[in-house]
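Notes to accompany the following structure.
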Amino acid sequence: SSYKEAFRPQFHFSPQEKWMNDPNGMVYHEGIYHLFYQYYPEDIVWGPMHWGHAISTDLVHWNHKPIALFPDEHGYIFSGSAVVDTNNTSGFGTADNAPLVAVFTYHDMEGEKAGRNNYQTQGIAYSLDNGDTWTKYEGNPVIGNEGLKDFRDPKVFWDDQSNQWIMSLVAGDHLQLWGSSNLKVWSKLSEFGRNQGAHGGVWECPDLFKVKVEDSDEEKWVLLISMNPGAPNGGSGTQYFVGDFDGKRFTTDQKGTRWLDWGTDNYAGVTYSNAPDDKPIFIGWMSNWAYARETPTEMWRSAMTVPRTLYLEKIADEYTLFNYPIKALETLRTEPLKKEVELEVGANENIELTNLSQAEVKFTTSGRDFILKLKNSNGEETVLTMDSGQQLFLLDRIASGKTDFNERFANTMQQIPIENLPGGEYEVRILIDWSSVEVFIDKGQYVMTAQIFPTEHYTTVEVQNTSKSTLRLKEVMVSPLKGIW
Ligand code: FRU
């Protein structure tokens, strides 16, 4: 593919062709960031799942690799993770060639069709050539199923305190943690979540990892749980819990449900294993099961979010998980337009860019009431509103471009309750890539990711002052972004 088709993202990862969903097996090894993904190479709708594969040295530019894992007699290859088995605990490698081990869910379609409820099991595969070729373990599945209809998406890490591999696995309405010394033999350690967090849908794609709390020596454990449906703005979304893990159990005294991203289009995201970066790096699937199969692209379907750095801050006595684009993405900026915007009560101003649909917009402000409209010459617009009266940030894509492919795509005004902005100035940063908008408020405290399908590139940001005093946007930067393909 030339990556020139209508709606094709220019600086986000998307497959060359056909259907993609969740990111899988995100692992760093010997200078390479691997990205595997749920892939159906025959069609642009979901089907028998494979693991597609791409690699990167900077998490910005990607090279496509051949399909890594194909369905076999145990079933389709559903979501999962990969680790570097540094000490060769599995015995798949040697002392000086550590194997990569992929841990995934087998989905046995025959079992599902026959009406059984034990058709999801867990399997493993290994690679001795840094991900180029994979061998499935002959003892698969390594975890069978005793009658749980939803039992999937293993995410594995090595735990120093208990000196074993820990697997997070979801079982419909709760998390299970399993332990192993060799990635082949697993035993169940604990359960979490039947009575915690949001339960409007099935729990999917868990991820448990340690994060340092900013400006302190404290470390906490974060658990990501994707859930479909039941997200705050409809369909699929990702909640998180901040708590502790003692080598066996995850516990939290968090009050209420917390969301990683309030937009409709960030799902099934997890973090890199073994990465050299000092903070976890997250990638999500930029779509929503409510309409993922119908979005108006033809060659391929869907893209990943930009990679994001995760970090914790303590705000109003609660641990808050921030997510913000990785630093390396700044290398895509070219000839940024820089200016200050000052608008009297009721005034507005247009900022023009030849192709705002491949660009970044960033500013700081202490303003609490303004509207930003991303517009094209076809009269299409995506409207972003900060509203202090309602204490909301809103994203409206009703007139953003093509919306009629599914009635659930644009039937709601997407909202973020804005409760804890810092007292004075804060940053607003927006990444626009033809078919997506990612909004980061206060360096990722509040995030909204949404797909859009404008029929022509946006060219204008219209800024409106809706407050009762002068609106100042400082250090405004509007930059075209280089494409990565
Ligand atoms: C999440 C998910 C996973 C599953 C995969 C199947 O989007 O439903 O739970 O493993 O997709 O493709």
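The values are calculated or read from the model by the stated rules, or taken from the named source; none is laboratory data. These numbers were taken from a predicted model, which means no experiment stands behind them. Quick reminder, even Gly has a Cβ in these numbers, built from the backbone with ideal geometry, and neighbours come from all protein chains shown. Quick note on the areas: whole protein, heavy atoms, side chains included, nothing else; ligands and nucleic acids left out. Shrake-Rupley method; radii C 1.70, N 1.55, O 1.52, S 1.80 Å.
Probing with 1.4 Å while keeping every protein chain in the model, the per residue accessible area of the chain equals 38 Å². Within the assembled protein chains, the solvent-accessible surface assigned to K136 is about 60 Å², based on a 1.4 Å probe.
Relative to the Cα centre, what is the charge dipole magnitude of the chain, using +1 at the beta carbon of each Lys and Arg, -1 at the beta carbon of each Asp and Glu, and rounding to the nearest 20 debye?
Using Cβ point charges on Lys, Arg, Asp and Glu, the chain gives about 300 debye.
For the chain, carbon and sulfur atoms together expose 45% of the accessible surface, with a 1.4 angstrom probe and every protein chain in place.
For the chain, the 222 nm mean residue ellipticity estimated from helices alone, with every DSSP H stretch of n ≥ 4 adding -39500 (n - 2.57) and the total spread over all residues, rounds to 0 deg cm²/dmol.
Among 14-20, 218-224, sorting by the average number of other beta carbon atoms lying within 10 angstrom of each residue, highest first, gives 14-20, 218-224. What is the calculated FRET efficiency for E218 to S190, with r their C-beta to C-beta distance and R₀ = 22 Å, to the nearest 0.05? Efficiency, from the Cβ-Cβ distance: 0.45. Spin-label model, A114 to H64: label points 7 Å out along the Cα-to-beta-carbon direction sit 3.7 nm apart.
Counting pairs of alpha carbon atoms under 8 Å apart in space and at least six apart in sequence, what relative contact order in percent does the chain give?
For the chain, the relative contact order is 14 percent.
Using a cut-off of 15 Å between beta-carbons, work out the net charge of the residues near I430 (Lys and Arg +1, Asp and Glu -1, I430 not included). Charge balance in the 15 Å sphere: -4. Peptides 408-421, 117-130 ranked from most to least packed by the mean count of surrounding Cβ atoms within 10 Å: 117-130, 408-421. Looking at the stretch 286-369, which GluC sites (Glu not before Pro) are DSSP coil and have at most 11 other C-beta atoms within 10 Å of their C-beta? For GluC sites (Glu not before Pro) across the stretch 286-369 that sit outside H, G, I, E and B with at most 11 neighbouring Cβ atoms in 10 Å, the list reads E298, E344. Applying both filters, DSSP loop and at most 12 other Cβ atoms within 10 Å, to the trypsin sites (Lys or Arg not before Pro) of the stretch 421-485 gives K468.
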